[in-house]
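The values are calculated or read from the model by the stated rules, or taken from the named source; none is laboratory data. Everything quoted here is computed from the prediction, not taken from an experiment. Every residue, glycine as well, gets a Cβ built from its backbone with ideal geometry; the counts of neighbours run over all protein chains shown.
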Amino acid sequence: MAYSDKSNGGTFFEGSSPRQISLTVDASLIPAFSQLLQNGFWIKGYVGCSVKAFLCEQFGLSPEYLEKRIQTLFLDGDVVDDVERATVEDGATLSLSAAMPGLAGAVLRKGGYYAAMRDQISCREETTSASMQSGKVLVKLFNMPLQELGPIFLKHGIWVENDKFKDVLKARADDFQRGCGEVRADGRQFEFKQFLEMDWGRGEIFLQVKTI
Amino acid sequence: MDILRIDMGASGGPKVSVVPLGEYAGLGGRALTSSVISKEVPPLCHPLSEDNKLVIAPGLLSGTSAAQSGRISVGCKSPLTGGIKESNSGGQASQVLARLGYGAIILEGKPKEGNIYKIFINKDGVKITPDSSLCMLGNYDLVEKMKKEYGDKIACISIGPAGEMKMSAASVAFTDMEQRPTRHAGRGGSGAVMGSKGVKVIVLDDTGLSNRVAKDPEKLRTANKTFVDGLRKHPVTGEGLPAFGTNVLANVINEAGAYPTNNFLVGRFPGTSKISGETQAETEKARGGIPTHGCHRGCVIQCSGVYMDKDGHYLTKQPEYETVWAHGANCGIDDLDAIAMMDRLDDDYGIDTIEMGATIGVAMEAGLAKFGDAEAAIRLVKEVGKGTDLGRILGNGAAVTGKVFGIERVPVVKGQAMPAYDPRAIQGIGVTYATSTMGADHTAGYAVATNILKVGGYVDPLKPEGQIDLSRNLQIATAAIDSTGMCLFIAFAVLDQPDTFQALIDMLNAFYGLSLTADDVVALGKNVLKLERDFNARAGFTAKHDRLPEYFKKEPLPPHNVTFQVTDEDLDKVYNW
């Protein structure tokens, strides 16, 4: 999957809090980021376009993957049936899931036969807005997309609150101590223990996680 | 196949009769249990009286080499709803009972002397023995005792203390492949009926017996292969469910704003990612548990699992979506270990986890504990197991608890607590909750390929009023599936892949030498629903019972701020065929 440069960084802030962090970790530590990815992370791009254009044209998701694999999709909590008509605006939340079991799963399915059973929470699709602009979108990954897209998003970089990221490291500090190859913050390399003890303040960081 | 009738109230002690299926020939699972209850149980009888019956029936394909065929149905007049009840379970008992040659066990009558009995069934016959040493044992200790007595090849059907105390939320427990009492026919209080019959445990041993033989074994083999291939290649049955279990639904239902939180107050729970199927699977793996595991032999979906505690010791089976929701979001609790502990206690005491969780939610609203207080919730479950005065109230379900403590917001239909989908966000599920013969039930409306084959007529899915027709068709299809003994989770693969649905019908035809069509399957489902509706009508149910509690129409549910909008007139159309 190709990853667009449009979604990288912004200008670095002055001050003590790092803005860009990159980790290289053992592959076994990728699941440690699972709750972070489920709760949502920001990606930056051009909004005012369709869900399909946003994910496929800007972030390189294959249209086939979007059609066949992401069978349940929410935009701001509403169920999306047509990814070419649902429009992503600045600050939107996009939640991606595979097909779900049971009656509820069938009802929530993208373009599903039982859509009438959840009409009140269906996305009211509209024609795509003509003007696109820079913006950010909160992406939540669940089940199969979490396993399949999670590592890819982490590798290319996501925006998260630094205290939530720190919680991930603290929850498995010993495992990260053992399995972390390289830690860089704003281009400078750190020992993991030293990095963990730093006072970061609050704010948003651009996080990249690669595997050894 | 025969029916094993046991009259627990016969003079001189329990009396066994083995009789042919007779008028019940060709029926299995829910079709059989509902036929017996509808025909033989006076609808106005007291559910704990000698006139009620407990019917335990494997499905039409149980005990064969067909995959997914290990479900068992338990039928009675429900102490919880007062209507007809079929509750369904996995575990080993279905296949063992079918291999023993029984299409059903029917417990009748009521012992006069207050003894509790164990029943042992093997190829040599049936032995019924009073055993007071089993009194008030939890299901786990009970099964260990039975293993010491009868060996480690047995399957057990049992009740815990809740069933002995005849609580309306009491379940019937079934042992899994590891002989743990982790699978339950939970809903509707069938455990109380078993307790009223004085039966603590039924031990099944099929040593020396083989799978049932099909009329056309080669055709069964071929159809089974197609069926299994279909299940394995489908992303739900072949990937999502094995990887994450049923709790894979948590994040998605939460995102839909349909995840009932704090006693159905809002539709989204902030702590969902901490208790999701994804997090649960990771936790299990990290602790040496198993996130991919079948509840019965022959299951290829493997949606169950094994949950270990922090020290890596077995605690409970992987809690299901409904259990995690009921003891989690519905009570404001985001602690997986606390939820797992409550699941263990529910299994041990023999309580329906959905009813228990909904009841705790009502109890929290009543001020007995704070939402989010996991330790307090565990204490409330323990009250039930101990049979304290408070425990006896809670163990009789959400409706009783709400009445005792003066709570209006009690999420029940026909006295049975709603499961883990708020009907205001997913209105079609609300139609099923309201109109199902079982009370608020999430499994009543699963999908079979009615839409693919346009069986039962074509429904325009875009029209809101289409929800009525969809719910009807789904209830029909579910009743049919429940009669085969098949696990309902085949539904999604069957919905998407016409050849997988056809393979299911081919398996039935191969085994019994029939020529069933999809229309016949639908007719079976319709007939089952008709019997159930008829029983409920004779038991005093009217259209006014096919309704959600009023507050669902008035109280908007955040985040979508929707109310239940399906009209009473439309609800009354569900069964007009």
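Descriptive notes on the structure:
- Residues that are β-branched (Val, Ile, Thr) and surrounded by fewer than 18 Cβ atoms within 10 Å (Cβ to Cβ) were ranked within segment A:153-212; the one that is nearest to residue A:60 (Cα to Cα) is A:211.
- Boolean, residue A:73 is more than 7 Å from chain B (Cβ to nearest Cβ) and assigned to a helix (DSSP H, G or I): no
- Residues considered: B:316, B:292. Of these, the only one that is in contact (Cβ under 8 Å) with a residue 24 or more places away in the chain, polar (S, T, N, Q) and closer than 25 Å to residue B:417 by Cα is B:316.
- Residues of segment B:488-509 that are small (Gly, Ala, Ser) and within 12 Å of another protein chain (Cβ to nearest Cβ): B:491, B:493.
- Any hit, segment B:342-356, residues being acidic (Asp, Glu), modelled with pLDDT of 95 or more and over 29 Å from residue B:401 (Cβ atoms): no
- Contact map, segment B:44-60: residues that are without any contact (Cβ under 8 Å) to a residue 40 or more places away in the chain paired with residues that are of a type outside the set (D, E, K, R) and crowded, with 17+ Cβ neighbours inside 10 Å, Cβ distance under 7 Å, separation 6+ or inter-chain. Pairs shown: B:45/B:52; B:51/B:41.
- Pick from segment B:192-245, criterion closer than 24 Å to residue B:510 by Cα and among the hydrophobic types (A, V, I, L, M, F, W, C), ranking: nearest to the other protein chains (Cβ to nearest Cβ): B:231
- Candidates A:81, A:90: the one that is farther than 16 Å from residue B:240 by Cβ, within 11 Å of chain B (Cβ to nearest Cβ) and outside any helix (DSSP H, G or I) is A:81.
- Boolean, residue B:334 is in the same structural domain as residue B:257 (by TED's automatic domain parsing) and surrounded by fewer than 22 Cβ atoms within 10 Å (Cβ to Cβ): yes
- Condition met for residue B:230 (buried (at least 22 other Cβ atoms within 10 Å of the Cβ), over 23 Å from the mean Cα position of the chain (by Cα) and either of a type in the set (Gly, Ala, Ser) or farther than 30 Å from residue B:279 by Cα (or both)): yes
- For segment B:22-42, filtering for residues that are among the aliphatic types (A, V, I, L, M), in a loop (DSSP other than H, G, I, E, B) and modelled with pLDDT of 95 or more leaves 1.
- Residue among B:528, B:522 that is among the β-branched types (Val, Ile, Thr), surrounded by 18 or more Cβ atoms within 10 Å (Cβ to Cβ) and either within 14 Å of another protein chain (Cβ to nearest Cβ) or out of contact with any Ser or Thr (no Cβ under 6 Å at 6 or more places or on another chain) (or both): B:522
- Criterion (within 30 Å of residue B:487 (Cα to Cα), surrounded by fewer than 24 Cβ atoms within 10 Å (Cβ to Cβ) and at the interface with chain B (Cβ under 8 Å from one of its Cβ atoms)) met by exactly one of A:106, A:115, A:98: A:115
- Scan segment A:191-202 for residues that are assigned to a loop (DSSP other than H, G, I, E, B) and modelled with pLDDT of 90 or more and the total you get is 1.
- In segment A:52-64, residue nearest to residue A:136 (Cα to Cα) [restricted to those that are in contact (Cβ under 8 Å) with a residue 60 or more places away in the chain and not in a loop (DSSP other than H, G, I, E, B)]: A:54
- Enumeration of residues in segment B:271-285 that are facing chain A (nearest Cβ under 9 Å) and either of a type in the set (Val, Ile, Thr) or surrounded by fewer than 24 Cβ atoms within 10 Å (Cβ to Cβ) (or both): B:272, B:273, B:274, B:279, B:282, B:285
- Among the residues making up segment B:156-191, a single one is farther than 13 Å from residue B:89 by Cα, hydrophobic (A, V, I, L, M, F, W, C) and either touching a Pro at 6+ places or on another chain (Cβ under 7 Å) or assigned to a strand (DSSP E or B) (or both): B:170.
- Selection count, segment B:36-59, where residues are within 18 Å of residue B:199 (Cα to Cα) and in contact with a Ser or Thr (Cβ under 8 Å, 6 or more places away or on another chain): 8
Rundown of residues vs (1) surrounded by fewer than 22 Cβ atoms within 10 Å (Cβ to Cβ); (2) among the charged types (D, E, K, R), yes/no style:
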position: B:140; (1), (2): yes, no
position: B:147; (1), (2): yes, yes
position: B:159; (1), (2): no, no
position: B:181; (1), (2): no, no
position: B:200; (1), (2): no, yes
position: B:204; (1), (2): no, no
position: B:223; (1), (2): no, no
position: B:239; (1), (2): yes, yes
position: B:249; (1), (2): no, no
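- Residue that is nearest to the other protein chains (Cβ to nearest Cβ), among those in segment B:303-322 that are crowded, with 17+ Cβ neighbours inside 10 Å and more than 17 Å from the chain's Cα centre (by Cα): B:305
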